[in-house]
Amino acid sequence: MIKAQKSAFFSKALHLYNTNWLLKRSFSSISIKGAFKQEDAGVLILANHSSWWDGLVTFYLTQTFCPYDSYAMMSEKGLKEFPFFKRIGAFSVNVEKPRAIVETLVYAKELLHNQKAVWMFPQGAEQPLEKRPLEFKTGSAHLATADHKVTIYTVTYYYTMLHEQKPRLYIEVSEPVMSHQFNNQSRQEVTTLLETKMTLQLNQQRDKIAQEDTSDYTLLLSGNRSVSDWFNTFSGSKS
């Protein structure tokens with residue numbers, strides 16, 4: 001497997017590029033609900049995976065909102081194509097090779113044991129945002145039950161088109177769950193519980209956004225003005 005080789009200098013440089021060139025040019029806004037708490041244990045953060053943007057949004061959160069020393073599981077194919085991601089904390093997983101999966105999980109458990117945060121997409125691959133069931137792989141349950149001092153968060157990314165030319169992104173962070181709550185449960189049972197938890201969170205998030213009930217979100221990032229914004233300014237119209 002490919003291990004992370006974090007570089008503080010590279011992370012800062014990529015963060016500037018990611019924020020000011022990629023995200024601001026591509027999104028009308030990025031808003032968040034919920035928060036991460038200071039923990040004295042390893043932190044496992046599970047996020048849904050419906051977009052190419054998920055990895056870069058996750059990196060943005062680790063630099064601006066998430067208080068932990070973060071690492072992220074990434075497909076071996078993707079990490080070989082974009083090896084610079086290991087410089088910001090990505091490490092590889094190859095789901096086609098059982099031995100490679102074991103190596104990745106052992107490495108992730110070591111990070112958790114050292115009180116790092118491990119981000120992963122338990123669906124295993126990008127899936128359409130509205131696809132149900134989410135179909136979690138069992139790797140998340142393996143890490144959630146590997147140590148009784150792991151704190152678990154579910155994070156949901158919901159992309160939507162509303163009144164602007166560019167999409168909005170809404171992020172929700174759950175309340176934490178402690179790994180000891182899964183005592184005496186099988187890995188498959190824990191997988192089902194985590195999948196159900198994220199499904200409920202994502203569905204409730206979708207329903208509130210559909211009603212444009214977003215007052216409990218805090219603006220993280222406002223995008224650059226789009227063509228439609230300039231048109232509205234000059235025409236005197238309001239969205």
Could you tell me whether the range 148-158 includes any residue that is more than 16 Å from the chain's Cα centre (by Cα) and either of a type in the set (Ser, Thr, Tyr) or open to solvent by less than 40 Å² (accessible area, probe 1.4 Å) (or both)? yes
Determine which single condition His49 fails, assuming it passes every other condition in (1) open to solvent by 10 Å² or more (accessible area, probe 1.4 Å); (2) farther than 19 Å from Tyr159 by Cα. (2)
Residue list for the range 12-31, filter: of a type in the set (Phe, Trp, Tyr) and buried (at least 18 other Cβ atoms within 10 Å of the Cβ): Phe27
Conditions (1) surrounded by 15 or more Cβ atoms within 10 Å (Cβ to Cβ); (2) among the acidic types (Asp, Glu); (3) assigned to a loop (DSSP other than H, G, I, E, B): number failed by Glu135: (1)
Of the residues Glu76, Glu96, only one is surrounded by fewer than 21 Cβ atoms within 10 Å (Cβ to Cβ), in contact (Cβ under 8 Å) with a residue 40 or more places away in the chain and not aromatic (Phe, Trp, Tyr); which? Glu76
Checked against (1) closer than 20 Å to Met198 by Cα; (2) open to solvent by less than 30 Å² (accessible area, probe 1.4 Å); (3) in a loop (DSSP other than H, G, I, E, B), Ala4 satisfies every condition except (1)
Consider only pairs whose beta carbons are under 6 Å apart and that are at least six residues apart or on different chains; among these, list those whose first residue lies in the range 22-33 and is in contact (Cβ under 8 Å) with a residue 24 or more places away in the chain and whose second residue is polar (S, T, N, Q) and in a loop (DSSP other than H, G, I, E, B). Lys24/Asn224; Arg25/Asn224
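Here's the yes/no breakdown for (1) touching a Lys or Arg at 6+ places or on another chain (Cβ under 7 Å); (2) farther than 19 Å from Ile30 by Cβ; (3) at pLDDT below 95; (4) small (Gly, Ala, Ser):
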residue: Pro133; (1), (2), (3), (4): no, yes, no, no
residue: His148; (1), (2), (3), (4): no, yes, yes, no
residue: Tyr153; (1), (2), (3), (4): no, no, no, no
residue: Tyr157; (1), (2), (3), (4): no, no, no, no
residue: Leu162; (1), (2), (3), (4): yes, no, yes, no
residue: Asn184; (1), (2), (3), (4): no, yes, yes, no
residue: Glu195; (1), (2), (3), (4): no, yes, no, no
residue: Ser222; (1), (2), (3), (4): no, no, no, yes
For Gln38, which of the numbered conditions (1) closer than 25 Å to Lys137 by Cβ; (2) out of contact with any helix residue (DSSP H, G or I) (no Cβ under 7 Å at 6 or more places or on another chain) fails to hold? (1)
Going through the range 142-168 in order, the residues found to be closer than 29 Å to Pro98 by Cα and of a type in the set (S, T, N, Q) are Thr145, Thr151, Thr154, Thr156
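The values are calculated or read from the model by the stated rules, or taken from the named source; none is laboratory data. Just so you know, these numbers come straight off a predicted model, no measurement behind them. Glycine also receives a Cβ, built like all others from the backbone with ideal geometry; neighbour counts cover every protein chain displayed. What goes into the accessible areas is simple: the full protein's heavy atoms, side chains included, and nothing from ligands, DNA or RNA. Shrake-Rupley method; radii C 1.70, N 1.55, O 1.52, S 1.80 Å.
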